[in-house]
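Student: Structure in structure tokens, see below.
The values are calculated or read from the model by the stated rules, or taken from the named source; none is laboratory data. These figures come from a predicted structure and were not determined experimentally. Glycine also receives a Cβ, built like all others from the backbone with ideal geometry; neighbour counts cover every protein chain displayed.
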Amino acid sequence: MKKFFKTTLAYALALIIAGLLLPIVGIGIVAGIAASSSESGDIEKNSVLFLDLNGVIEERAVENPLASIMDDEFKSYGLDEILAAIKEAKANENIKGIYLQAGAVEGASGASLEEIRGELASFKESGKFIVAYGDQYSQELYYLATVADKVILNPQGSIAWHGLASTPVFYKDLLEKIGVEMQVFKVGTYKSAVEPFIATEMSDANREQLTEMLDSTWDELLTAVSASRGVSKEMLNEYADKFMDFCPAEEYVECGMADTLLYKDGVLAYLKSLTGVDADDDLKLVTMDTMREKLKVAKKLEDATGKSKIAVYYAFGDIDGSTSSLEEGINSKKVIKELRELREDDDVKAVVLRVNSPGGSAYGSEQIWREVTLLKAAKPVVVSMGDYAASGGYYISCAADCIVASPITLTGSIGIFGVIPCAEKLLKDKLGLGFDVVKTNPMADFGVLSRTFTPQERVVLQNHINNGYALFLKRCADGRGVAVDDIAKIAEGRVWTGSKAKEIGLVDELGDLDKAVAIAAQKAGLADYSVKAYPAEKGILEKLMDTKKEDYMETMARETLGGYYNSIKFLRNIGNCDRIQARLPFELNIK
């Protein structure tokens, strides 16, 4: 009942806002800008930026107005705004340091955390401090926190340190029990996205690529933590072998993983001493919400400078696979339209395509590829890869002038597959439904749920998959300037880390988004320019109008399901996706 009243209140407020404010939207905009300017005014001296990492980290945060009304603690932050906040804190003389509080994050994988860690390391070069505190450090947030000058743990807290594992979920037995058979067509020995539907364990090829990927990622993580903590990689591996998650807190200090043990009040007192604030006075913390408003005002001023622009276009999520307005993903028609607008905008001198996608629709990927080639003919295009740019994510990247990836980006996965369900046993044996057919041609009822494919139909569909794979290989070969046979040797649906992808020629440079922007500026011959993010961010009224009740439930499901969220979402959306997919060959479930 309580949830019912909360939901009803949220919708009532949304309707009131929409009904009363639309007639005076002009006044509202002016007032909003003024309020933002006031709220984000000058930051007080001896302040500390408070990075409370508790929620979802995405490429660009899409705020849910209903979640804000409900006052949910599990927030969504954009990687872009976190990086911008750290840069602003570095430049602002009133901010003396950063207080990083490790909570629980979803959504961010190795490459995103590596970018945040790199920006924090740059912040330290200014001579300002970073203090990290956690009650229970997750392994990924401990990796992030080790860049700090001091890593503080609660006296009753813990640090997760156990290594990496990938645990894909298999649905074959479940599908058999309900009478559904997944009919699979694919190209690529390593294209194992279909395995959960037709097997109960990993294939040897999939196990091989997962092992190599995890070993490479773990080594990068060990190297970074070892350098920061002064503990050898060998010792860190020994600690992981012991499973450090449940150690007494004192042991983390003894082995060099933490510096000291303090309760929260002790941490705040320590921060006061670093900033010269009296013990009886309040610590001056600058939250991400405050910094977000300050950055919005600064961005408005920058956009008005009239400088030549480098556009950073964010393409993240599944390609033509999402149904939520909060997780729009990569809508190929929308992306094509917006890239065309950037191509025709004379003020935009170069485009950085920021790709963070496991892929999706093969057809949608081809359409975006076409628009990227047209854009490249008009101005420089540089791709910056995030956590993933695999399969369809690589498809839309391969035509760029230059590809930049993190060493632990997951990319490649050049291959495609098709999955078409047959529910004959469910419909006939379990539900007792009967089916008959009259048709003019042998395959007129191709793909109906009530029967499996005939041998002739299987040949037709497999040929279609083969042709799609051949086209994918050609797009990659043309984009990289090599022979199709050379691409075929490193394709087969195999996933590569960014560092390995550079060795084999799928990636040009290792680095972050800033490096991609610098390369784009160099290719465009720009010394003085502004950087603008696209697509344009929606205003609060537009967000309210677009938000559906399902979106609020989506936020709650993500918080509740944690690491299992992506697997459940994949199953839910598979019926809405194109049947022919170019996507990452597995749901990682890395922990």
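Student: I'd like the full set of residues that are under 20 Å from the mean Cα position of the chain (by Cα) and β-branched (Val, Ile, Thr), limited to the stretch 486-510.
Tutor: VAL495, THR497, VAL507 - these are the residues of the stretch 486-510 that are under 20 Å from the mean Cα position of the chain (by Cα) and β-branched (Val, Ile, Thr).
Student: Among the residues of the stretch 340-352 satisfying the criterion of being assigned to a helix (DSSP H, G or I) and not basic (Lys, Arg), which is nearest to GLU59 (Cα to Cα)?
Tutor: In this case the residue turns out to be LEU342.
Student: Okay, moving on. Which residues, taken from the stretch 155-167, are in a loop (DSSP other than H, G, I, E, B) and modelled with pLDDT of 90 or more?
Tutor: ALA160, TRP161, HIS162, GLY163, LEU164, ALA165
A quick yes/no check of all residues on (1) among the acidic types (Asp, Glu); (2) more than 18 Å from VAL419 (Cα to Cα); (3) not in a loop (DSSP other than H, G, I, E, B):
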position: ALA444; (1), (2), (3): no, yes, no
position: SER450; (1), (2), (3): no, no, no
position: GLU457; (1), (2), (3): yes, no, yes
position: VAL460; (1), (2), (3): no, no, yes
position: ILE465; (1), (2), (3): no, no, yes
position: TYR469; (1), (2), (3): no, no, yes
position: ARG475; (1), (2), (3): no, yes, yes
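Student: How many residues does the stretch 472-517 hold that are touching a Phe, Trp or Tyr at 6+ places or on another chain (Cβ under 8 Å) and within 12 Å of MET385 (Cβ to Cβ)?
Tutor: Residues flagged as touching a Phe, Trp or Tyr at 6+ places or on another chain (Cβ under 8 Å) and within 12 Å of MET385 (Cβ to Cβ) within the stretch 472-517 amount to 1.
Student: In the stretch 139-159, how many residues are surrounded by fewer than 17 Cβ atoms within 10 Å (Cβ to Cβ) and hydrophobic (A, V, I, L, M, F, W, C)? Even if it seems obvious, please write down each step before you answer.
Tutor: Keep residues of the stretch 139-159 that are surrounded by fewer than 17 Cβ atoms within 10 Å (Cβ to Cβ), which gives 149, 155-156.
So of that shortlist, the ones also hydrophobic (A, V, I, L, M, F, W, C) come out as none.
Final tally of qualifying residues: 0.
Student: On to the next question. Return the residues of the stretch 353-383 that are part of a strand (DSSP E or B), within 20 Å of the chain's Cα centre (by Cα) and of a type in the set (Val, Ile, Thr); say none if nothing qualifies.
Tutor: VAL355, VAL382, VAL383
Student: Another one. So which helices (runs of 4 or more DSSP H) stay within the stretch 168-254 end to end and still have 3 or more residues that are more than 18 Å from GLN581 (Cβ to Cβ) and of a type outside the set (Val, Ile, Thr)? Talk me through it step by step, then tell me what you get.
Tutor: Values: elements: 172-178, 195-198, 204-229, 233-242, 249-254.
Qualifying helices (runs of 4 or more DSSP H): 172-178, 204-229, 233-242, 249-254.
Student: Is the stretch 157-167 home to any residue that is free of Cβ contacts under 8 Å to residues at least 60 places away in the same chain and more than 23 Å from LEU410 (Cα to Cα)? It would help to see each step written out before you state the result.
Tutor: First, the residues of the stretch 157-167 that are free of Cβ contacts under 8 Å to residues at least 60 places away in the same chain: none.
For the stretch 157-167, residues free of Cβ contacts under 8 Å to residues at least 60 places away in the same chain and more than 23 Å from LEU410 (Cα to Cα): absent.
Student: When you look at GLY386, is it under 24 Å from LYS186 (Cβ atoms) and touching a strand residue (DSSP E or B) at 6+ places or on another chain (Cβ under 9 Å), yes or no?
Tutor: Judged against the criteria, GLY386 is not a match.
Student: Working only within the stretch 242-273, note down all residues that are of a type outside the set (Gly, Ala, Ser) and without any contact (Cβ under 8 Å) to a residue 40 or more places away in the chain.
Tutor: If the condition is that a residue be of a type outside the set (Gly, Ala, Ser) and without any contact (Cβ under 8 Å) to a residue 40 or more places away in the chain, then LYS242, PRO248, GLU250, GLU251, GLU254, CYS255, ASP265, LEU268, LYS272 are the ones that fit.
Student: Just to check your reading of the model, which residue among ASP485, ASP546, ASP551, ASP528 is among the acidic types (Asp, Glu), modelled with pLDDT of 95 or more and farther than 21 Å from PRO358 by Cα?
Tutor: ASP485
Student: I want to confirm something. Restricting to the stretch 282-312 and keeping residues that are out of contact with any Ser or Thr (no Cβ under 8 Å at 6 or more places or on another chain) and charged (D, E, K, R), which single residue is modelled with the highest pLDDT?
Tutor: Within the stretch 282-312, the match that is modelled with the highest pLDDT is ASP282.
Student: Also: Could you check how many residues of the stretch 313-326 are touching a helix residue (DSSP H, G or I) at 6+ places or on another chain (Cβ under 7 Å) and either at pLDDT 90 or above or not polar (S, T, N, Q) (or both)?
Tutor: Selection size over the stretch 313-326: 6.
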